[in-house]
1. Only residues that are without any contact (Cβ under 8 Å) to a residue 40 or more places away in the chain and acidic (Asp, Glu): list them for the range A:276-304, please.
2. Can you name the residue in the range A:257-300 that is basic (Lys, Arg) and buried (at least 21 other Cβ atoms within 10 Å of the Cβ) and is also nearest to B:HIS38 (Cα to Cα) among such residues?
3. If A:GLN71 meets every condition in (1) at pLDDT 95 or above; (2) touching a helix residue (DSSP H, G or I) at 6+ places or on another chain (Cβ under 7 Å) apart from one, which number is that one?
4. Are any of the residues in the range A:312-322 free of Cβ contacts under 8 Å to residues at least 24 places away in the same chain and surrounded by fewer than 24 Cβ atoms within 10 Å (Cβ to Cβ)?
5. Does A:LEU281 count as under 17 Å from B:CYS57 (Cα atoms), more than 8 Å from every other protein chain (Cβ to nearest Cβ) and not in a loop (DSSP other than H, G, I, E, B)?
6. Just checking, how many residues over the range B:30-44 are in a helix (DSSP H, G or I), within 19 Å of the chain's Cα centre (by Cα) and at the interface with chain A (Cβ under 7 Å from one of its Cβ atoms)?
7. Tally the residues that are part of a helix (DSSP H, G or I), free of Cβ contacts under 8 Å to residues at least 12 places away in the same chain and out of contact with any Pro (no Cβ under 7 Å at 6 or more places or on another chain), restricting the search to the range B:45-71.
8. Enumerate the strands (runs of 3 or more DSSP E) found wholly within the range A:149-260, keeping only those where 3 or more residues are aliphatic (A, V, I, L, M) and either without any contact (Cβ under 8 Å) to a residue 60 or more places away in the chain or farther than 26 Å from A:LEU41 by Cα (or both).
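The values are calculated or read from the model by the stated rules, or taken from the named source; none is laboratory data. Because the structure is a prediction, the values reported are computed rather than measured. Using ideal geometry, Cβ is built from the backbone for each residue, glycine included, and neighbour counts are taken over all protein chains shown.
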Amino acid sequence: MNRDFHQASLKPTKQQTRNKSAAVAEVCLPEREEYNVSKTLIGPNACKEAGIENLGITGPTTIYKNLTFQQLFEHEVANNEGKVANCEYGDTFTVDTGRFTGRSPKDKWMVKNVGSESDRHLDWGDINQPTTPEVFKELYEKAVASFNKKDKAYVFDCFCGANPKSRRKIRFVHEMAWQQHFVTNMFIRPSDEIELEGFEPDFTVINACSQVDEEYKKHNLRSEVAVVFNIEEKKAVILGTWYGGENKKGIFSLMNYWLPLEGDLPMHCSANVGRRGDSALFFGLSGTGKTTLSADPHRALIGDDEHGWDKDGIFNFEGGCYAKTIDLTEEKEPDIYRAIHKDALLENVALKPVGEKLVPDYHDTTKTENGRVSYPVFHIDGYVSKEIFWLFTLFKTLPKIFDLIVNLSIRSKWQVILRTFSFSLVTPLVFYLLSANYHPSKRCIISYQDIRLKSPEPSWE
Amino acid sequence: MYHFLSGYTAKVAGTELGITEPVASFSACFGAAFLTHHPTVYADLLAEKMETYGSDCYLVNTGWTGGAYGVGHRMSIKATRACVNAILDGDIKNVEFERDEIFGFEIPKTLPGVDSHLLNPKNAWADHAEYEATKNRLAQMYIKNFKKYEGRGSTDYTKFGPQI
């Protein structure tokens with residue numbers, strides 16, 4: 001492999017430095033534009049059409065469903081939900097999540113439906129604290145009532161898990177555009193309208209963050225904040241906290257419940273893959289190097305936080321990354337630093353005025369040490385898209401062809417040849433093998449190009 | 001599996017209020033806060049997957065070495081990367097190992113691109129007596145933490161823990 005070539009190409013030249021934000025935006029443009037299943041539903045039937053009427057939500061007459069990245073940005077600005085930070089690689093929307101700048105694990109509850117499957121399997125204790133179906137019903141009604149007082153709501157349909165065999169369909173109901181933006185960055189976005197046809201969620205999260213539980217003492221809960229999951233009812237309610245991570249790690253907890261029942265293993269780890277299709281997993285807690293070590297210049301990133309291991313291999317649960325920004329610099333963490341541009345979302349990061357601009361100050365921890373940024377995975381150079389994973393799965397039966405394709409695609413000098421070669425070779429096979437619910441597209445083949453070298457050598461010191 | 005269940009890690013300064021120096025802690029499956037089944041369910045699944053696919057497993061120190069916090073230093077990212085590369089390239093299969101009697105670890109004596117002095121913490125620590133004392137303290141912490149898994153899951157992994 002020609003390593004020097006890639007390092008050279010990743011090092012910005014003078015001219016590139018001047019046009020940093022334009023260059024970055026151009027690279028991400030196709031994937032950004034491709035996510036386009038947005039619908040704005042208006043009128044008395046809006047809730048019904050969005051699929052939330054059966055939850056009891058009937059009040060709002062405008063539903064913003066799966067907004068595009070551009071629409072999310074426009075809504076965030078128009079609703080005055082935060083500020084636009086002038087980051088080095090492009091303008092990035094920044095929000096303040098209020099009092100809660102981290103997860104609230106002591107306010108997370110699981111409904112104990114006595115005698116049910118989840119009652120038998122859950123490891124009840126400090127981590128899975130039980131509450132009753134009656135309490136859930138009251139909190140649920142509070143959440144629904146708070147949405148029924150509003151004239152609009154944001155609804156997002158997505159997937160958790162890249163493998164179609166075990167992925168779960170998730171629906172989120174949110175109050176604000178930035179919250180939909182967060183889940184749009186973090187979860188697996190639907191590819192097209194067809195993927196959303198007849199979408200029946202396996203789980204729905206009603207996030208009524210501005211509503212608190214004033215009766216928490218009566219409910220035997222700990223505070224006005226409540227994050228409550230009811231596995232049998234396939235619903236969760238979030239009250240009183242704006243922190244984005246509750247959505248992400250809440251669904252991760254559920255994947256940790258569902259997958260083992262099917263014999264598959266969910267894992268809190270990062271993962272990457274080499275050119276022989278050999279994957280590596282990196283386990284460890286926050287701050288131990290998962291993200292840093294999985295960003296390897298010779299290997300393609302699968303994901304940096306939540307994965308599954310099943311008969312088809314290792315796959316990401318997520319469609320994005322959620323990185324800490326404390327003391328972030330381009331030298332230390334180039335991948336993360338360069339991913340912060342249009343469509344990324346900064347949380348609780350201090351902004352300081354420099355001339356007429358408002359720039360992020362990652363060293364300022366006055367608000368919190370847990371400043372965060374979420375961004376869709378295509379902001380990272382060199383990752384495995386869900387299409388590649390599906391092809392991995394397909395070519396298991398044809399390993400030789402697969403090896404050939406992957407090997408060739410990683411060798412830079414063959415890339416141009418490969419583009420023509422793999423397209424002609426693979427297309428007929430893909431058409432032949434894929435089931436009717438996925439439409440092979442040109443992108444699916446070109447995505448092989450996503451296995452490529454990454455920028456090297458961050459440092460955690 | 002013993003180490004997967006133990007989930008030995010350190011709370012790094014700054015991640016939680018009041019933490020000013022790294023504190024040893026245990027988090028089952030390296031993510032206890034998100035587990036819904038008992039940790040042994042995940043350990044059993046990992047064991048099964050690793051056996052089925054013939055996966056190798058290595059523990060790599062990305063934390064402190066050379067002495068306690070304040071005396072030693074954090075492993076450099078360069079050395080850590082070299083360790084990870086030796087594992088991924090398969091170079092680690094061609095080197096000699098030495099055994100740590102308390103933890104039972106097989107430690108490589110040399111690895112390409114890594115200062116051999118760093119590989120066994122025994123050599124990296126300046127103060128030998130302090131090293132042995134700290135190792136014993138840590139072994140006790142492991143044993144105490146693992147008590148809750150004795151007799152749980154399909155296999156009791158207690159015997160794979162430190163022996164003192």
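1. Within the range A:276-304, A:ASP278, A:ASP304 meet the criteria.
2. By that ranking, first place goes to A:LYS290.
3. (2)
4. No, because not a single residue in the range A:312-322 is free of Cβ contacts under 8 Å to residues at least 24 places away in the same chain and surrounded by fewer than 24 Cβ atoms within 10 Å (Cβ to Cβ).
5. Taking the combined requirement at face value, the residue satisfies it.
6. The qualifying residues number 3.
7. Total meeting the criteria: 6.
8. Here the list reads A:226-230.
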